[in-house]
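The values are calculated or read from the model by the stated rules, or taken from the named source; none is laboratory data. Since this is a predicted model, take the numbers as computed values, not measurements. Every residue, glycine among them, receives a Cβ derived from its backbone with ideal geometry; neighbour counts consider all protein chains shown.
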Amino acid sequence: MSKKSIHEIKSTPLGAGNGASMQMLISPEVAPNFAMRKFVIKSGGYMPLHTNAVEHEQYVLSGSAKVKIGNEELIAQKDDILYIPANTPHSYVVEGDESYEFLCLVPNKEDKIEMV
């Protein structure tokens, strides 16, 4: 795969949280080192506090959310860039009426997700 439209990729609701879904834009089967995913959390939605065994690099496309990363709590919004180290608890709560949308890149390593 060299090119694909985002509109061709199925959005999958997430089991944890409320109003959150993910699109796998570039899967580990396609790219050898990193996967690219797009997350959408609808207004009023959230993703609960959890950890991942792999780091996350995120770019916020739209909206605003209160994001907790370890002991830090911040407001992330359009054009912000976030780095979440591996095994660091993090969560998202959407602020305002607009969905919070972000790209998330992760290394193609085994990822274990744990709720905190």
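Would you check which residues across segment 63-109 are among the polar types (S, T, N, Q) and under 12 Å from the mean Cα position of the chain (by Cα) and list them?
The one that is among the polar types (S, T, N, Q) and under 12 Å from the mean Cα position of the chain (by Cα): S91.
Quick one: would you say M24 is surrounded by 15 or more Cβ atoms within 10 Å (Cβ to Cβ) and farther than 21 Å from M115 by Cβ?
Taking the combined requirement at face value, the residue satisfies it.
Are any residues in segment 1-58 farther than 18 Å from V106 by Cβ, touching a residue at least 60 places away in the same chain (Cβ under 8 Å) and either touching a helix residue (DSSP H, G or I) at 6+ places or on another chain (Cβ under 6 Å) or among the hydroxyl-bearing types (S, T, Y) (or both), and if so, which ones?
none
Restricting attention to segment 28-43, which residues are surrounded by 18 or more Cβ atoms within 10 Å (Cβ to Cβ) and either among the β-branched types (V, I, T) or over 19 Å from L61 (Cα atoms) (or both)?
Those that are surrounded by 18 or more Cβ atoms within 10 Å (Cβ to Cβ) and either among the β-branched types (V, I, T) or over 19 Å from L61 (Cα atoms) (or both): V40, I41.
Give me a count of the residues in segment 74-104 that are polar (S, T, N, Q) and not in a strand (DSSP E or B).
Qualifying residue count for the region: 3.
Tell me which residues, restricted to segment 50-84, are in contact with an Asp or Glu (Cβ under 7 Å, 6 or more places away or on another chain), exposed (fewer than 13 other Cβ atoms within 10 Å of the Cβ) and not hydrophobic (A, V, I, L, M, F, W, C).
The one that is in contact with an Asp or Glu (Cβ under 7 Å, 6 or more places away or on another chain), exposed (fewer than 13 other Cβ atoms within 10 Å of the Cβ) and not hydrophobic (A, V, I, L, M, F, W, C): Y83.
I'd like to know if segment 79-90 contains one or more residues that are at pLDDT below 95 and hydrophobic (A, V, I, L, M, F, W, C).
The answer is no; no qualifying residue exists.
Mind listing whichever residues of segment 12-58 are closer than 14 Å to F102 by Cβ and of a type in the set (S, T, N, Q)?
S21, Q23, Q58
Within the set of pairs 6+ apart or on separate chains, which have a first residue in segment 64-85 that is in contact (Cβ under 8 Å) with a residue 12 or more places away in the chain and closer than 15 Å to G44 by Cα, a second that is among the β-branched types (V, I, T) and surrounded by fewer than 16 Cβ atoms within 10 Å (Cβ to Cβ), and C-beta atoms under 9 Å apart?
Within 9 Å, the pairs are S64/I75; A65/I75; K66/I75; V67/I75.
Please go through segment 4-58 and give me each residue that is in a loop (DSSP other than H, G, I, E, B) and in contact with a His (Cβ under 8 Å, 6 or more places away or on another chain), ordered by number.
A16
Could you check, for segment 108-116, whether at least one of its residues is surrounded by 13 or more Cβ atoms within 10 Å (Cβ to Cβ), among the polar types (S, T, N, Q) and part of a loop (DSSP other than H, G, I, E, B)?
So far as segment 108-116 goes, yes, one or more of its residues are surrounded by 13 or more Cβ atoms within 10 Å (Cβ to Cβ), among the polar types (S, T, N, Q) and part of a loop (DSSP other than H, G, I, E, B).
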